[in-house]
């Protein structure tokens with residue numbers, strides 16, 4: 001498997017996560033100082049609450065960036081470790097296309113939609129459900145499940161727009177197959193048989209990709225088509 005990674009963007013956002021962390025701590029400490037018993041008055045209390053609110057917002061943003069760029073292994077590295085033994089006809093894109101991660105195979109584009117929160121993920125009555133996460137975890141910054149359908153639809157539109165801008169009309173574009181991937185060990189899969197996209201644990205992703213590309217690949221890409229798609233996906237993104 002080949003990998004195309006935008007390391008400069010990753011390094012920049014890793015530094016940004018550290019800056020945001022220290023900034024949030026500084027603002028929170030300043031807010032606590034303003035509210036210190038014996039020093040507080042009406043104006044200081046007001047400024048204290050404002051500082052604490054800003055500090056909390058900065059903390060949440062810091063957690064978002066740290067979880068994606070500051071921790072080891074990063075989400076993209078977890079995916080890479082799972083699929084690294086795929087054949088050379090696969091190319092793994094990391095922050096080098098309009099979406100964070102893509103896997104270009106011999107027949108289609110695979111679009112990982114990551115679930116990065118604990119609990120139980122289900123799809124019932126046409127809606128994604130996320131249960132088993134307490135208030136404390138949510139308050140401390142754990143991301144609640146987004147809407148994988150919305151995330152996938154937005155990502156597909158971004159990819160299609162990028163390919164069209166690079167001269168590949170919609171009718172000639174490869175199939176884009178979203179896959180909802182559970183990457184945390186303490187996350188379980190509930191009822192998902194009616195889900196619009198496949199839902200699986202990360203350890204099953206490589207096997208699923210291999211099976212689909214082996215059994216449902218009527219018109220594999222030529223080397224020229226693969227090169228054209230690769231150049232189109234990464235144009236202006238590196």
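Here, each number is a calculation from the coordinates, and none is a lab measurement. Note that the structure is a prediction, hence the values are computed from the model and not measured. Here the Cβ positions follow ideal geometry from the backbone for every residue, glycine too, while neighbour counts run over all protein chains shown.
Expected output is a single nm value to one decimal: the length gained when fully extending between residue 22 and residue 85, i.e. 0.36 nm times separation in residues minus the C-alpha distance. What is it?
18.8 nm is the gain from fully extending residue 22 to residue 85.
Over the chain, with a Gaussian network built from C-alpha contacts below 10 Å, which listed residue (104, 114, 46) shows the highest mean-square fluctuation?
Of 104, 114, 46, the Gaussian network model singles out 46 as fluctuating most.
For the chain, find the longest principal axis of its Cα atoms and tell me its angle to the long axis of helix 148-165, 0 to 90°, nearest 10.
60 degrees
Once the Cβ-Cβ distance between residue 67 and residue 172 is put in as r, and R0 is 30 Å, what FRET efficiency do you end up with, to the nearest 0.05?
0.25
Pick from 228, 14, 216: which is most flexible by mean-square fluctuation in a GNM of the chain where alpha carbon atoms under 10 Å apart are linked?
Ranking 228, 14, 216 by mean-square fluctuation puts 216 first.
Taking the Cβ of each residue in 60, 74, 87 as the centre, tally the other Cβ atoms inside 10 Å and list the residues starting with the fewest.
Least crowded to most crowded, the residues run 87, 60, 74.
Compute the Rg/Rh shape ratio of segment 2-97: radius of gyration over Kirkwood radius, all on alpha-carbon atoms.
Answer for segment 2-97: 1.27.
Measure nothing fancy, just the Cα-based angle from helix 205-215's long axis to the longest principal axis of the chain, in degrees from 0 to 90, nearest 10.
Its long axis makes an angle of about 20 degrees.
Calculate, axis by axis, the spread of Cα positions in the chain along the three principal axes, and write the results as whole Å, longest axis first.
The Cα atoms of the chain stretch 76, 40, 31 Å along the principal axes, largest first.
Normalising by the residue count of segment 9-78, find the relative contact order in percent from Cα pairs under 8 Å and 6+ residues apart.
Over segment 9-78, the number comes to 45 percent.
Any chance you could run the full-extension gain for residue 54 through residue 160? It's 0.36 nm times the residue separation minus the Cα-Cα distance, nm to one decimal.
Extra length from residue 54 to residue 160 when fully extended: 34.4 nm.
Can you give me the angle between helix 42-65 and the longest principal axis of the chain, using Cα atoms only, in degrees from 0 to 90, rounded to the nearest 10?
Roughly 20 degrees between the two axes.
Using a Förster distance of 22 angstrom, determine the FRET efficiency expected from the C-beta separation of residue 217 and residue 238, and round it to 0.05.
With a Förster radius of 22 Å, E is 0.20.
On a full-extension model of 0.36 nm per residue, what is the gain between residue 200 and residue 43, subtracting their alpha-carbon distance, rounded to one decimal in nm?
51.2 nm
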